[in-house]
Amino acid sequence: MGILLTMRASERDAERPIHRRIQSRSRLFAALFSGLLWLTSAATALLVLAALFYAGSHVYVGAEGVDIVFGGAAPTNAVPLASLEARFRIGGAFALAAQMVPAILVLANLRGLFRLYAAGTVFARENASYIKRIGLWLMIYAVAPFASVMLLTLLDSVVDRAWFHVVEVQALVLGGILMVVAQVMEAGREIELDRDGFV
């Protein structure tokens, strides 16, 4: 059961090629997700600040989204971001944060999961918890654009109404799959514990 539930670090296990490969590849993914986490967090903070305070003439917003223009004509049906009333700028910053915070939390939980794998913990309760949280945040990520646009519409503060993208459907389906995978892992762990209790 020890190998099934937690691939913990006995010296003999650590020497097995499959365990070394899992741990070394997991360290790479943990580093990748750390980098993506910090990059996405910094970009989100920068964009929220820009939505609130940008005073230049290159960013235009409209019902179809945001356009950045250098040296060309202004897009039709869009206005400069700097010309928007404060309520629209605050609404845009809120919508951006509402849509990006779930993505940031997905990355944070992916980093945590792969750090567990890198440490040698594979089928433990903590792994299933991380997978469940990844699934949950993916599902929240899928519905956040719609929810934020509906809320801002009620408050008459919405600018960008282009909330539906295929990626939201993909995130919703993947999130649901991961929730089921986490439950299967938890059920398997309980079966193993019950079986060991009878031995």
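The values are calculated or read from the model by the stated rules, or taken from the named source; none is laboratory data. From a predicted model like this one, the values you see are computed outputs, not experimental measurements. Cβ placement follows ideal geometry from the backbone for every residue including glycine, while neighbour counts extend to all protein chains displayed.
Kindly establish whether residue 136 is under 30 Å from residue 26 (Cβ atoms), in a helix (DSSP H, G or I) and in contact with a helix residue (DSSP H, G or I) (Cβ under 6 Å, 6 or more places away or on another chain). Explain how you work it out, then say what you get.
Numbers: under 30 Å from residue 26 (Cβ atoms): yes; in a helix (DSSP H, G or I): yes; in contact with a helix residue (DSSP H, G or I) (Cβ under 6 Å, 6 or more places away or on another chain): no.
So residue 136 does not fit the description; no.
This table checks each residue for (1) modelled with pLDDT of 85 or more; (2) within 30 Å of residue 121 (Cβ to Cβ); (3) in contact with a Lys or Arg (Cβ under 8 Å, 6 or more places away or on another chain).
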| position | (1), (2), (3) |
| --- | --- |
| 11 | no, yes, no |
| 24 | yes, yes, no |
| 36 | yes, yes, no |
| 55 | yes, no, no |
| 70 | no, no, no |
| 73 | no, no, no |
| 95 | yes, no, no |
| 100 | yes, yes, no |
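Could you check the stretch 77-109 and list, in sequence order, the residues that are aromatic (Phe, Trp, Tyr) and closer than 26 Å to residue 175 by Cβ? Before you say what the answer is, go through the steps one by one.
Within the stretch 77-109, the first condition is being aromatic (Phe, Trp, Tyr), and the residues that meet it are 88, 94.
The one that is aromatic (Phe, Trp, Tyr) and closer than 26 Å to residue 175 by Cβ: 94.
Can you find a residue that is assigned to a helix (DSSP H, G or I), in contact with a Lys or Arg (Cβ under 9 Å, 6 or more places away or on another chain), modelled with pLDDT of 95 or more and among the charged types (D, E, K, R) anywhere in the stretch 121-130?
no
Identify the residue in the stretch 156-192 that is more than 27 Å from the chain's Cα centre (by Cα) and touching a residue at least 60 places away in the same chain (Cβ under 8 Å) and, among all such residues, is nearest to residue 89 (Cα to Cα).
Narrowing the stretch 156-192 to residues more than 27 Å from the chain's Cα centre (by Cα): 156, 190-192.
From the residues that got through so far, the ones that are touching a residue at least 60 places away in the same chain (Cβ under 8 Å) too are 156, 192.
Numbers: 156: 12, 192: 54 Å.
Residue satisfying both the conditions and the ranking: 156.
Against the conditions (1) under 30 Å from residue 121 (Cα atoms); (2) modelled with pLDDT of 95 or more, where does residue 7 fall short? Just the number, please.
Unmet for residue 7, out of (1) under 30 Å from residue 121 (Cα atoms); (2) modelled with pLDDT of 95 or more: (2).
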